[in-house]
Each structure stands twice: as structure tokens, then as C-alpha cells.
Amino acid sequence: MQRDDDGETAETTEWERSLEYWRTMSAQEFGPVEIEEVETCVCSISSTMKDWREAVRGDAAAAIRLVLPQKPPERITLKVDLAMTVLLCRALDNAAAALVLSHKLRSMPLDRSLRNRLVTSWRLRFLRIRFATGTPTARRA
């Protein structure tokens, strides 16, 4: 699946391919190679905006702030791919980022079957990280 930016069909580079992982790979498909590709891609992003700089440097809350307020896109653009890839990078080891990734995937213009598979996988990743780190469960009154 190519981004809908300018209609070009140039060969996909490794860097460009990693921008597609958030919308093509379930959480359990990430191994050391894919994680390294995503981290390399994210580390190559530069910005003058504070949240972007912090998110690229590893701040999961900043990555969430980049993505959460965005309206559902009609199509996948480079801007969407960049923001979601930064969130993905943080979601690999942060429960809150994994939960937000799962939530945002629900409204993405993807094939319904693929979207459901991705949403479920990142929701499970959220639970795995949460319980592995001993994050307390909120109790209902």
C-alpha cells in the first residue's frame, strides 16, 4: 500500500517501508529487525515543534499529544504516516502509547479486516505491557 501523497510509484525504500508498519503489521509481528527500522526512521525525523522533538527523543506522552487530537483522515498521507510511526515507536514498549495506537487505528481508512486485526493486536500489546510492568488497575467505585 502506497501513501496517497503525489501519485508517484517509486520503489519503496527501507525508510519508507517502516512508515507503513503501523498500518500493515500487527504488534506481534515486530521483531528486532523491524523495531530497529522503526527506531532508525523515527530518529531521522527533525522538527522545530516541541512535541515532535520530544516524541522523537522517546517521550511517549508527546507522541500521544501529536496523534490523539487529530481527526480521522480521509486518506493516508505522509503527515499521517510520520505521526503514526512516531506513536508506533513509543507503543512498542509503552502501554499508554499502545492503547492510543489501538484507538486511532479504529478510525483509519484501512481495509476493515486488516484494521480490526491491527486494533486487536495493539490492544493486546497494551495489556501485555501493562501487566508486565505492574501498572495498577483502576478500580471502579
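Only the coordinates and a few stated rules stand behind these numbers; no lab work does. Quantities reported herein were computed from a predicted structural model and do not represent experimental measurements. Methodologically, a virtual Cβ is constructed for each residue, glycine included, from the backbone with ideal geometry; neighbour enumeration extends over all protein chains shown.
Helix 32-43 axis versus longest C-alpha principal axis of the chain: approximately 70°, rounded to the nearest ten. Taking a sphere under 13 Å around the Cβ of Asp51 and counting the other residues whose Cβ falls inside, with K and R at +1 and D and E at -1, yields a net charge of +3.
Per-residue ellipticity at 222 nm from helix content only, as computed over the chain with -39500 (n - 2.57) for each DSSP H run of at least four residues, stands at -17500 deg cm²/dmol. For Lys104, the lysines whose Cα falls under 16 Å of its own Cα, not counting residues fewer than eight places away in the same chain, are Lys71, Lys79.
Shown for segment 17-132 is the translational diffusion coefficient from the Stokes-Einstein equation, using the Kirkwood radius over Cα pairs, a temperature of 20 °C and a viscosity of 1.002 mPa s: 155 µm²/s. Computed over neighbours whose Cβ is under 10 Å from that of Arg115, the net charge equals +3, Lys and Arg +1, Asp and Glu -1. Compared with the dominant Cα axis of the chain, that is its longest principal axis, helix 78-91 is turned about 30°.
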